[in-house]
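*Asks:* Questions regarding the structure given below will be posed in turn.
The values are calculated or read from the model by the stated rules, or taken from the named source; none is laboratory data. Fair warning: this is a prediction, and the values are worked out from it, not measured in the lab. Here the Cβ positions follow ideal geometry from the backbone for every residue, glycine too, while neighbour counts run over all protein chains shown.
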Amino acid sequence: MNFISAAIASMACLFVFTSCQDTDIDGIVPVDHSARSVPDLTNGQNNIYPDQKLLFGKSNQQWSTEWWKTIMSYDCVHNPLNQQSLSVTVNQASPVVFLSGMPSGISERTIEVTRDKALFVPIINVLKEYPSTNTDQNPRPGQTVEQFLKAEAAKYVNLATNMKVVLDRDVIKITAKDRVATDMFYFKRNKDLAGCVGQAVTGQLQVGVSDGYWIVIDHLSPGRHTLHTHAEILATGIVPDVYYNIIVR
């Protein structure tokens, strides 16, 4: 799977929140996204892929796992998380195109795709991994590694607020149904990431869990489109704000 440089990720240090964030978020009240007063998408194109359906034979949990594996394969120079502005034409066989961008702050992406591609877009997400360079991050007695990672990832995503997604001036309603939490999976970081992540990177297999909010945009009509995504986890200073210019052929 290839990455097109576009984006939203809740990654202020984030190839891994675990070792980047020292903020104590225990006791902070999580945000309830079970209902929002934001109107539904009204552009009549039905571009937002239903979360309950398989996308080209895979669930959103599986696609988010592939998203992380892909982004971890890039070196520091070519990783889209390290680039504020990018322009890319996508020429790939895969029917699903991954979007990614800067960890926090404003990013802008211009991408060109064909109409048969689906766009897999993180609104805000996190990866928790084990083992971590933070020696305080360990499972409690009787707790499995997977249970520990899921709890740690959920603790951050529960604080996500002010999530906004606008496609061609139409506001997309974001609810709890858009949240995707994975089971534990194996991944490998590019060894070069040691130069920009600020932690030990061995290039060996590690285990991780992802949690976050995603949307899938499928079969946009030919022409020019705009997509704006925004989210906040103020307790940790994460505020990704991404503008996409999408050209569909």
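*Asks:* Exactly one of these conditions fails for GLY105: (1) out of contact with any Ser or Thr (no Cβ under 7 Å at 6 or more places or on another chain); (2) modelled with pLDDT of 90 or more; (3) under 20 Å from VAL166 (Cβ atoms). Give me its number.
*Replies:* With (1) out of contact with any Ser or Thr (no Cβ under 7 Å at 6 or more places or on another chain); (2) modelled with pLDDT of 90 or more; (3) under 20 Å from VAL166 (Cβ atoms) applied to GLY105, the lone miss is (2).
*Asks:* Sort through LYS117, LYS128 and tell me the only one that's farther than 26 Å from LEU220 by Cβ, touching a strand residue (DSSP E or B) at 6+ places or on another chain (Cβ under 7 Å) and of a type outside the set (A, V, I, L, M, F, W, C).
*Replies:* Values: LYS117 fails: farther than 26 Å from LEU220 by Cβ.
After applying the criteria, what remains is LYS128.
*Asks:* What single numbered condition from (1) free of Cβ contacts under 8 Å to residues at least 12 places away in the same chain; (2) under 17 Å from THR70 (Cα atoms); (3) assigned to a loop (DSSP other than H, G, I, E, B) fails to hold for ALA194?
*Replies:* Exception for ALA194: condition (3).
*Asks:* Looking only at residues that are in contact with a strand residue (DSSP E or B) (Cβ under 6 Å, 6 or more places away or on another chain) and among the small types (Gly, Ala, Ser) in the stretch 131-180, which one is surrounded by the fewest Cβ atoms within 10 Å (Cβ to Cβ)?
*Replies:* Once the filter is applied, the top-ranked residue is ALA154.
*Asks:* Residues of the stretch 172-196 being at pLDDT below 95 and among the β-branched types (Val, Ile, Thr), which ones?
*Replies:* ILE172, ILE174, THR175
*Asks:* Which count do you get for residues in the stretch 144-188 that are outside any loop (DSSP other than H, G, I, E, B) and among the β-branched types (Val, Ile, Thr)? First the steps, then the outcome.
*Replies:* If we filter the stretch 144-188 for residues that are outside any loop (DSSP other than H, G, I, E, B), which is where we start, we get 145-157, 161-167, 170-171, 176-181, 185-188.
Adding the requirement that they be among the β-branched types (Val, Ile, Thr) leaves 145, 157, 161, 165-166, 171, 180.
Final tally of qualifying residues: 7.
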